[in-house]
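The values are calculated or read from the model by the stated rules, or taken from the named source; none is laboratory data. Quick caveat, the model's predicted, so the values are computed rather than measured. Positions of Cβ are backbone-derived with ideal geometry, glycine not excepted, and every protein chain shown enters the neighbour counts. These area figures cover heavy atoms from the full protein model, side chains too; ligands, DNA and RNA do not enter into them. Shrake-Rupley method; radii C 1.70, N 1.55, O 1.52, S 1.80 Å.
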Amino acid sequence: MSYDFVAYPDRDMLAIDLANRLAGELRQALAHADRVTLAVPGGTSPGPVFDDLCAADLDWSRVDVLLTDERWVPEDSPRSNTALLRRRLLTDRAAAARLLPLYRPDMECDAAAAALAETIAPELPLAVVLLGMGADMHTASLFPGADRLDEALSRDAPVLVPMRAPGAPEPRVTLSGPVLNGALHKHVLIFGAEKRAALEGARGKPAHEAPINAVLDGAVVHWAE
Ligand SMILES: O=C(O)[C@H](O)[C@@H](O)[C@H](O)[C@H](O)COP(=O)(O)O
């Protein structure tokens, strides 16, 4: 497994450069397809990247945007990744993009996963995916010890998998390993010494112990203190 590791002098420089890279990859994909799909994480790390990316000069009306995973909470919850996306990415020029939802207020996550996947599947493969990582080496909602992790990492995994895990405060839905690895461009965003050490510590571990290892091959990891 090999990936590129890019260390930045600070988080602002990382956000600017990563946003530019993502925009360039989307522009390139748009030159070859009518519509392209971008998947991004929630959590606390990607906000500054979204703040730069949303202003990128590209034809956002031909971009489908979805989350890599969502916590099963309503959009008015402070834990909602969908709310984060609407607030920080789907604004400015990127307001013209189409959101492919990963949450249904009217359904439980197990039943909703199949319904949501029907909207997502026709827009695959992903042109670009940005992933985060937890210090426990989870990515998206592929958590060590999660109830359906093996299924989500298997070759014949469904597009979306409901997930419950000791490390997740609420039920989740997550894009599966094959969907994430089907992306033309994969980027991982991590901040801080703890996550850098966790990434180093993941080397050689099986994916069920370090799910990040399931998606690192061919990825670019972007890190700042
Ligand atoms: O729902 C989420 O939390 C994310 O999609 C998740 O996969 C995130 O990328 C990691 O948990 C890192 O989160 P932080 O960026 O907050 O450290």
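The modelled label-to-label distance between Glu75 and Ala197, using points 7 Å beyond Cα along the C-beta direction, is 4.0 nm. Length gained on full extension, Thr91 to His208, computed as 0.36 nm times the residue gap minus the Cα-Cα distance: 38.5 nm. FRET efficiency for the Asn20 to Glu170 pair, using the beta carbon distance and R₀ = 30 Å, is estimated at 0.35. For the range 4-224, the relative contact order comes to 24 percent (Cα pairs under 8 Å, sequence separation of at least 6).
Building the convex hull from the alpha-carbon atoms of the chain and averaging its projection over directions returns 11.1 nm².
For Glu108, the accessible area of its heavy atoms, probed at 1.4 Å with every protein chain present, is near 130 square angstrom. Taking label points 7 Å from Cα along the Cα-to-Cβ direction, Arg62 and Ala111 give a separation of 3.9 nm. Each helix, a run of at least 4 DSSP H residues, gives -39500 (n - 2.57); summed and divided by the residues of the chain, these come to -8500 deg cm²/dmol at 222 nm.
Stretching Met1 away from Arg155 to a fully extended chain increases their span by 53.7 nm, per 0.36 nm per residue minus the current alpha-carbon distance.
Sorting 166-172, 99-105, 47-53 by their mean Cβ neighbour count within 10 Å, with the most densely packed peptide first, gives 47-53, 99-105, 166-172. Taken as Cα centroids, the range 191-213 and the range 10-63 sit 25 Å apart, rounded to the nearest whole angstrom. Applying a DSSP loop filter and a limit of 16 other Cβ atoms within 10 Å to the trypsin sites (Lys or Arg not before Pro) in the range 1-99 leaves Arg35, Arg79.
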